[in-house]
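Student: Pasting in a structure now, in C-alpha cells, and then I'll have a few things to ask.
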C-alpha cells in the first residue's frame with residue numbers, strides 16, 4: 001500500500017498533466033494556424049468574400065461571419081470538414097490539412113471575440 005507522500009505526489013502529477021492538457025488545448029499552435037491559413041488561401045479564398053468586400057449572392061460569406069455563428073466549435077468545424085457540403089466545391093484535404101484549417105478557424109474565432 002502506498003504511503004501518503006507517494007499518493008500526494010501521484011495526485012499532483014495527475015493534476016499537472018490535466019492542467020497542461022487544458023492549457024495546450026486553449027493555446028493554438030502558431031505553426032498549425034499558419035499552415036491552416038495557407039490551405040484556406042490556396043483552396044477556399046476564391047469563393048469566400050474577403051473582409052471588407054461586399055457579400056454577393058455568388059460568393060460565400062467571410063470567415064469572420066462563419067466563425068461568429070453560435071455553436072461553431074472545434075467539433076462543429078471538424079464534422080463540417082469531413083462532410084460534403086454542396087453547392088460548395090468539395091476539396092479532398094488530407095487529415096492534417098483539415099486539422100490545421102480547424103486551428104486557423106478557432107484562432108480567427110478567438111481574435112474576433
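Values in this text are rule-based calculations from the coordinates and carry no lab data. Computed from a predicted structure; not experimentally measured. For neighbour counting, all protein chains shown are included, and Cβ atoms are generated from backbone atoms with ideal geometry for every residue, glycine included.
Student: Would you list 93, 55 from fewest to most Cβ contacts within 10 Å?
Tutor: Ordered from fewest to most neighbouring Cβ atoms within 10 Å, 93, 55 come out as 55, 93.
Student: Once you keep just the Cα pairs under 8 angstrom separated by 6 or more residues, what percentage relative contact order results for the stretch 32-113?
Tutor: 50 percent
Student: Next up: For 45, 50, 92, what ranking results if the residue with the fewest other Cβ atoms within 10 Å of its Cβ goes first?
Tutor: 92, 50, 45
Student: Give the average over all directions of the projected area of the C-alpha convex hull of the stretch 29-112, one decimal, in nm².
Tutor: 5.5 nm²
Student: Going by C-beta contacts inside 10 Å, put 77, 91 in order with the fewest on the left.
Tutor: Lowest count first: 91, 77.
Student: How far, in nm, would the chain grow between residue 112 and residue 82 when pulled straight, counting 0.36 nm per residue and subtracting the alpha carbon separation?
Tutor: Stretched fully, the residue 112-residue 82 segment lengthens by 8.3 nm.
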